[in-house]
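Reviewing the structure listed below.
Read-outs throughout are calculated quantities, based only on the coordinates presented, and are distinct from any laboratory measurement. Being a predicted model, the structure only gives us computed values, none of them experimental. Cβ sites come from the backbone with ideal geometry, for glycine too, and all protein chains shown count toward neighbours.
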Amino acid sequence: MTDHITPVETTRMTRLPALRRYVNLIGPMLMVIVLCIVMAVAEPRFFQLPNMMIVLHDAAIFMVLGMAMTLVITARGIDLSIGAVAALSAIVMAMLIKDYELNVYLAMIAAVGVGLLCGFVNSLIITRLHVPDLLATLAMDQIYRGIALVLAAGAVLARFPEPIPFIGRGRVLGGIPVSAIIGLAALAVGVVLYRSTHIGRYAAAIGGNREAALLSGINVVRHKTIQYVIMGGAAAVAGILLTGRLNAVQATVGQGLALHTIAAVVVGGTVLFGGRGTMLGTLVGVLLLSMVTNALVILRFQFFWQLVASGIVIIASIGFYSYMNRSGDDDGKEET
């Protein structure tokens, strides 16, 4: 005999997923507002235009990485190798310029090609060898970092032709960082991919229910490959931005990029367990973490306390969203 479900229960069941989406999107915005109110009282310099440009500049790399990571996580994947991919791509670019005197633009294209190749290799290990995403990319992080160290031989490569530092730290239109324009453009591309193409729709389908996606005719292997290739290309662009920002590069750059990027994406409302994501939320999450770091600098916290505070924000945010999604699922089960 089938249990009877009242109209009130049906309405509640229907509203639960919508409520979770609402909280996931609005939550980080409210956190930004609270931070702004606190900083308005504590340090008015926080809202001055030059400081806001610094926030955008610091956030740019994670906008680029966050765009691709949103696709990967939505499909219930993860990529811990992006820091090493960024370093390896940047080292290859630097060597092509320094040792082989290759045109700087061709060297940047080659760097992106290295990133795309790394993403493709990651996807092969995950989809063909069936190694879990976490373990595959963790292992490849070590391999890519090792190759970068071998190529660089411990050297610091510095002083690149003008296009590279201009991309990393140049400013246009009265002070807007070029890096921020690149980051926002990457997110705009991500919005189009996520909302208007099969890349985003199939990522959500795969992350929501892989078996159902397979039965519906979605080529899961192909789309996982596309996602990781995009991720590798984004990591290479991040490596170019890092090189331009410092006008130097060494094989150890990019450490910590993966954790910060994943945190920003999840803080922004993309579900860590796959099936649902938001590019707008990723932008807000990236800005939130950058604003927290910037606020701590302005308030003159020691660097070690900055790490502690940032970690607390990350854990609290991810824990909150995980609880909201888990409790929503539990409530839905109780009603059926």
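Taking the helices alone, the chain has a mean residue ellipticity at 222 nm of -26500 deg cm²/dmol, built from -39,500 (n - 2.57) per DSSP H run of at least 4 residues and averaged over all its residues. Residues Thr243, Thr74 in ascending order of nearby Cβ atoms (within 10 Å, fewest first): Thr74, Thr243. You can think of it this way: the chain between Gln142 and Met53 has 28.6 nm of extra reach, that is 0.36 nm per residue less the Cα-Cα gap.
Counting 0.36 nm for each residue step from Leu30 to Leu151 and taking away their Cα separation leaves a gain of 39.0 nm. What the Cβ-Cβ distance of Phe303 and Ala158 gives, at R0 = 25 Å and to the nearest 0.05, is a FRET efficiency of 0.60.
Using a simple spin-label model with pseudo-atoms 7 Å out from Cα toward Cβ, Ser196 and Asn219 lie 2.4 nm apart. An ellipsoid equivalent to the stretch 46-330, defined through the eigenvalues of its Cα gyration tensor, has semi-axes of 29, 24, 17 Å when rounded to whole angstrom and sorted largest first.
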